[in-house]
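Colleague: Below is a structure I'd like to ask you about.
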Amino acid sequence: MRIFSNLVLVASLVAAAPPVFAQATAPSITVEQPYARATPAGAATGAVYMTLTNKAKTADRLTAASSDVAAKVQVHEMAVTNGVMQMRELKDGLPVPAGGSVVLKPGGYHVMLIGLKKPLTAGETFPLKLTFEKAGNISVTVPVQAMDATKDNKGGAGGMGGMGGMGGAGGGMGHMEMK
Ligand SMILES: [Cu+2]
């Protein structure tokens, strides 16, 4: 039994290792189909959507993000509070369940770009760095889609199947400017 308990010990040490070590192996988090919507000229904010999948046996969490294109990047959720659709920062990050996925999509979770340095233009891409509590930093390239991409092309945005109900509201709701 001694071997087994040593294995368990090693396993827990690996799991607890800081991100710098975790990166020696394949990251436990995969980022699928990231995209942002194009923004109108002068817009101060934008949003990035994606699907996060956690292959690890422990829950993780998206705690921070950064990008060259914006002064500040936050993890937000959109929810109805007292009948009003509002968004707020997830101060404790966005949980990604062990062996599960979380979808960031219009009308729900999103990565918020605040203080855009220039408009997001359809067809261009920009870098985004995501920081996870356990998986560490993951850099992705985010393509910018036309503003109405998710409305006209339901499948194109990456099989956002659950969007149906939100689709219509998504356009109007878009992204409220942070005042
Ligand atoms: Cu937001």
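Colleague: What is the local net charge at Thr53, summed over the other residues whose Cβ is closer than 15 Å to its Cβ (Lys, Arg +1; Asp, Glu -1)?
Modeller: Once all neighbours under 15 Å are counted, the net charge is +3.
Colleague: Another question, then. Would you give the gap between the C-alpha center of region 95-131 and the C-alpha center of region 26-66, rounded to a whole Å?
Modeller: So the two Cα centres are separated by 4 Å.
Colleague: Which of the pairs Lys57/Lys91; Lys105/Lys134; Lys55/Lys118; Lys57/Lys117 have their Cα atoms more than 32 Å apart in this structure?
Modeller: In this structure, Lys55/Lys118; Lys57/Lys117 exceed 32 Å between Cα atoms.
Colleague: Dividing the Cα convex hull volume of region 16-158 by residue count, how many Å³ per residue is that?
Modeller: Roughly 123 Å³ of hull volume per residue.
Every number here is computed from the coordinates shown, using simple stated rules; none is lab data. Keep in mind it's a predicted model, so treat the numbers as computed, not measured. No Cβ is skipped: glycine too gets one built from the backbone with ideal geometry, and neighbour counts run over all protein chains shown.
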